[in-house]
1. How many residues does segment 362-388 hold that are over 12 Å from residue 447 (Cα atoms), hydroxyl-bearing (Ser, Thr, Tyr) and either in contact with a Phe, Trp or Tyr (Cβ under 9 Å, 6 or more places away or on another chain) or not in a loop (DSSP other than H, G, I, E, B) (or both)?
2. Going by the conditions given, is residue 104 part of a helix (DSSP H, G or I), in the same structural domain as residue 34 (by TED's automatic domain parsing), within 41 Å of the chain's Cα centre (by Cα) and touching a residue at least 12 places away in the same chain (Cβ under 8 Å)?
3. Counting only residues that are within 15 Å of the chain's Cα centre (by Cα) and surrounded by fewer than 16 Cβ atoms within 10 Å (Cβ to Cβ), which one in segment 203-241 is modelled with the lowest pLDDT?
4. In segment 155-171, how many residues are farther than 20 Å from residue 198 by Cβ and touching a strand residue (DSSP E or B) at 6+ places or on another chain (Cβ under 6 Å)?
5. Are any residues in segment 294-309 crowded, with 19+ Cβ neighbours inside 10 Å and part of a loop (DSSP other than H, G, I, E, B), and if so, which ones?
6. Which one is farthest from residue 335 (Cα to Cα), of the residues in segment 440-471 that are of a type in the set (A, V, I, L, M, F, W, C) and in a loop (DSSP other than H, G, I, E, B)?
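The values are calculated or read from the model by the stated rules, or taken from the named source; none is laboratory data. In this text, all values refer to a predicted model and were calculated from it rather than measured experimentally. All Cβ positions, glycine included, derive from the backbone under ideal geometry; neighbour counts span all protein chains shown.
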Amino acid sequence: MPAARLYPIFTQLAGRAVLVVGGGSVAERKVAGLLDADAQVSIVAPDFTPQLSAWAENGRISLIFGKFNEDQLERQWLVIAATADPGVNAQVAAAAERRRLWANVVDDAALSSFQVPAVIDRAPLVVAVSTAGAAPVLARLVREAIERLLDPSLGALAALAERWRERIRGRFVDLGQRRRFLERLFRGRVAELVRRGQIAVAEASLAGELDGAPAAPAVGSVVLVGAGPGDAGLLTLKGLRALNEADVILHDSLVGPDVLALARRDAERIDVGKRAGAHSRSQDEIHALLLTQARAGKRVVRLKGGDPFVFGRGGEEIEFLHAHGIAYEVVPGVTAALACAAYAGIPLTHRSSAQSVRFVTAHCKASLDTLDWAALAAERQTLAVYMGVAGLERVRDRLVAHGRAATTPIALIENGSRTNQRVVIGDLANLPQVAREHAVVAPALLIVGEVAALGAQLHWFGSAPLTQAPPLARAA
């Protein structure tokens, strides 16, 4: 028989009497939620957990030592049965039914006249999820999914709206006008300021709008979001929320379709990616696009592979936005070195062999010539080299020339964290050769250091690492 449809309702329990039957850990969890709602809680049981006893000593709850009897339901607004005895729980449910009193029996939907839902708490905003007792674990998983979507600042935004409710009602008597104003409030500049924790500035902005201050030209904002190296599961919660609020998304070519699929369906998507030998947009063109879209009042997401501030030109972009008076935020992402190494089972630092790690970019000969190769060639450190695969021979030659052992282990991680990830492990002397043997292509990350060899034993994602061919096989 399918679970009955429930009528969703939120109860006002502040100052109202609630009885909990049971003194164990389950009852303790239920009491904690009731105390959050400021209910007057009484508990009946032969004994109680230390936490329940402590709450009683502090005057927060009342304890009734002994067994449940129906008279204890007098003057109660609802009752929760949370004992380990099915017989007692059934007795509580029957007594509540006779008195037309709402009752919840933990883990027994059939005996319950109300269900306690899974809750997403952004007080005063609260979202409740219920399966009518049919699948509580599923309700918990749905709650976790919603938790990821709802920014923690929504509670502060709802509280702000509550404080200003009467003034907003007075200013906008017409319901339609009021609704449109509130939609702008919850999606616009005020919400953005609350999300940044600038509550006083948000209040001032709202006051200005209500007081009829001259409306400034509609100006949007830009959020720089790090998308990680490929696996959509590595996108942060803040990044996901930004994608769901975006009007326009300017994304790199390396941002995978799985990440873009998480964005708002009607958001405009513009590919501004740059690849070696195939630049679709110059950096100046990207700057111009950001400015044009923001000045048109759009909420723009600049979606970058990895992290915006690690070889992602994020610093250049916010300098440009700052110079032109465009509001911006930065949402960090999991940079390629961290994710690719983790997905290859290669720790970037290790107590026995690598006390530091350096992030290096080597996209072209000019950038190679600016690096401190003597420092990079030092032992007991890991190099994570962001690059295409064209400069591998030059990297090898410079490191060996400055003292790094030719036998130093290396790993090339192609398409790190994606389903088509490949890892090639070899040594520094044969770096260019193993890349050619296995036809390694961009995007690829190079790791140089003793830790690279650990990938052969510690890999966990995708196929097993490839290794350089033995000398005889190469000669044949």
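1. Matching residues across segment 362-388 total 1.
2. It is false that residue 104 is part of a helix (DSSP H, G or I), in the same structural domain as residue 34 (by TED's automatic domain parsing), within 41 Å of the chain's Cα centre (by Cα) and touching a residue at least 12 places away in the same chain (Cβ under 8 Å).
3. Top of the filtered list is 237.
4. Of the residues in that region, 0 qualify.
5. Step one: filter segment 294-309 for residues crowded, with 19+ Cβ neighbours inside 10 Å, giving 294, 298-308.
Passing the criteria: 298, 305, 307, 308.
6. Applying the first criterion (of a type in the set (A, V, I, L, M, F, W, C)) to segment 440-471 yields 440-442, 444-448, 451-454, 456, 458, 460-461, 464, 466, 469.
When the remaining residues are screened for being in a loop (DSSP other than H, G, I, E, B), the result is 440-442, 460-461, 464, 469.
On the way: 440: 20, 441: 19, 442: 16, 460: 19, 461: 18, 464: 23, 469: 31 Å.
The selected residue is 469.
So that you can scan it fast, the table gives a plain yes or no per residue for (1) closer than 25 Å to residue 227 by Cβ; (2) without any contact (Cβ under 8 Å) to a residue 60 or more places away in the chain:
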{"position": "307", "(1), (2)": "yes, no"}
{"position": "331", "(1), (2)": "yes, no"}
{"position": "338", "(1), (2)": "yes, yes"}
{"position": "351", "(1), (2)": "no, yes"}
{"position": "355", "(1), (2)": "no, yes"}
{"position": "360", "(1), (2)": "yes, yes"}
{"position": "368", "(1), (2)": "no, yes"}
{"position": "377", "(1), (2)": "no, yes"}
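Okay, residues lined up against (1) farther than 19 Å from residue 229 by Cβ; (2) small (Gly, Ala, Ser):
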| residue | (1), (2) |
| --- | --- |
| 408 | yes, no |
| 423 | no, no |
| 431 | yes, no |
| 436 | yes, no |
| 442 | no, yes |
| 450 | yes, no |
| 454 | yes, no |
